[in-house]
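Structure record follows, encoded as structure tokens.
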Amino acid sequence: MKHHKKTIELELRAEVPIKEIETVKARLEKFGKLHSHTKRLSVMYFGSIVDKKTDIRVRVTNGQSEVVVKLGSFGAHNRIEVAQSISQEQFIGFVKIFSQFGFASKIGERTTFNYSFSNGVVASLVIAGPIAYVEIEKVSSPEQAKENTEKLNNIAEQLQLDLLKSEDDFNKLCKRLDEKVDQLFSGSVDDYKRLEESLKKYLK
């Protein structure tokens, strides 16, 4: 019986105080190489269709609009994901269609800077309103996990990051993003006005 080569994704995360963003960015540029920079606005819908967890996003990334639908519970192996590019003019129309489903809905805005380091390590600085964090990632084989985790920790040290200690810490950070940064979207006239205003910054 052939054994499939298992790979695991090693991740370290650290929150960055807003006043230190430029300092951290300078360190990232010193030790790594900026390979992409994305600005994204997403209108996100979470609900269920025929008992299947459904996650729909109408989003614009660096001026490109698309609709993404994910079906199945988070972490399921048979999760279906479908993405479709749409034109800028269709953005609000799709938001209106999915707003009819009665799902819980939010608007999220993120700016991300991705840096490449040696040994296939990628570091991303994510800025979401008043909250910012860095993720350092590397795909590894289980045998090399210990050695590679050490590499990630060395990079975190070079960048002078204060790492989150546990999954629980990261969940708390996500909860704060959820509550303080992402705006609830109820589909009211005011909500659409706000969305159209925000969209102007993202559409080219």
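The values are calculated or read from the model by the stated rules, or taken from the named source; none is laboratory data. All figures in this text were calculated on a predicted structure; none of them were measured in a lab. Methodologically, a virtual Cβ is constructed for each residue, glycine included, from the backbone with ideal geometry; neighbour enumeration extends over all protein chains shown.
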GLU179 vs (1) over 17 Å from GLU9 (Cβ atoms); (2) in a helix (DSSP H, G or I); (3) at pLDDT 95 or above: all pass except (3)
Pairing a residue in region 29-48 that is free of Cβ contacts under 8 Å to residues at least 24 places away in the same chain with any residue that is assigned to a strand (DSSP E or B), where Cβ atoms lie under 7 Å and the two sit 6 or more apart in sequence or on different chains, gives SER48/THR54
Being over 19 Å from LEU41 (Cα atoms), out of contact with any His (no Cβ under 6 Å at 6 or more places or on another chain) and touching a residue at least 60 places away in the same chain (Cβ under 8 Å) narrows SER140, SER116 down to just SER140
Of ALA26, ALA14, the only residue that is touching a helix residue (DSSP H, G or I) at 6+ places or on another chain (Cβ under 7 Å) and aliphatic (A, V, I, L, M) is ALA14
With respect to LYS138, determine if the residue is in a strand (DSSP E or B), modelled with pLDDT under 95, in contact with an Asp or Glu (Cβ under 6 Å, 6 or more places away or on another chain) and not hydrophobic (A, V, I, L, M, F, W, C). no
Only one of (1) surrounded by fewer than 13 Cβ atoms within 10 Å (Cβ to Cβ); (2) over 18 Å from the mean Cα position of the chain (by Cα); (3) among the β-branched types (Val, Ile, Thr) does not apply to VAL82, and that is (2)
ask   = Yes or no: ILE107 crowded, with 16+ Cβ neighbours inside 10 Å and at pLDDT 90 or above?
value = yes
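Which ranges mark the strands (runs of 3 or more DSSP E) fully within region 1-120 that have 3 or more residues being farther than 30 Å from LYS146 by Cβ? Steps first, please.
Details: elements: 8-16, 33-49, 52-61, 64-71, 80-86, 104-116.
Fully inside region 1-120 and qualifying: 33-49, 52-61, 64-71, 80-86, 104-116.
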Residue hits (region 178-204; among the hydrophobic types (A, V, I, L, M, F, W, C) and either free of Cβ contacts under 8 Å to residues at least 60 places away in the same chain or more than 18 Å from VAL43 (Cα to Cα) (or both)) are VAL189
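Table: residues versus (1) of a type in the set (D, E, K, R); (2) modelled with pLDDT under 95; (3) within 19 Å of ALA132 (Cβ to Cβ); (4) exposed (fewer than 11 other Cβ atoms within 10 Å of the Cβ).
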| residue | (1), (2), (3), (4) |
| --- | --- |
| LYS19 | yes, no, yes, yes |
| LYS39 | yes, no, yes, no |
| LYS52 | yes, yes, no, no |
| ARG59 | yes, no, no, no |
| GLU66 | yes, no, no, no |
| GLY75 | no, yes, no, yes |
Condition first: surrounded by 15 or more Cβ atoms within 10 Å (Cβ to Cβ) and in a strand (DSSP E or B). Can you find one or more residues in region 148-155 that meet it? no
Over region 119-130, the set of residues out of contact with any helix residue (DSSP H, G or I) (no Cβ under 9 Å at 6 or more places or on another chain) and either buried (at least 18 other Cβ atoms within 10 Å of the Cβ) or without any contact (Cβ under 8 Å) to a residue 12 or more places away in the chain (or both) is VAL126
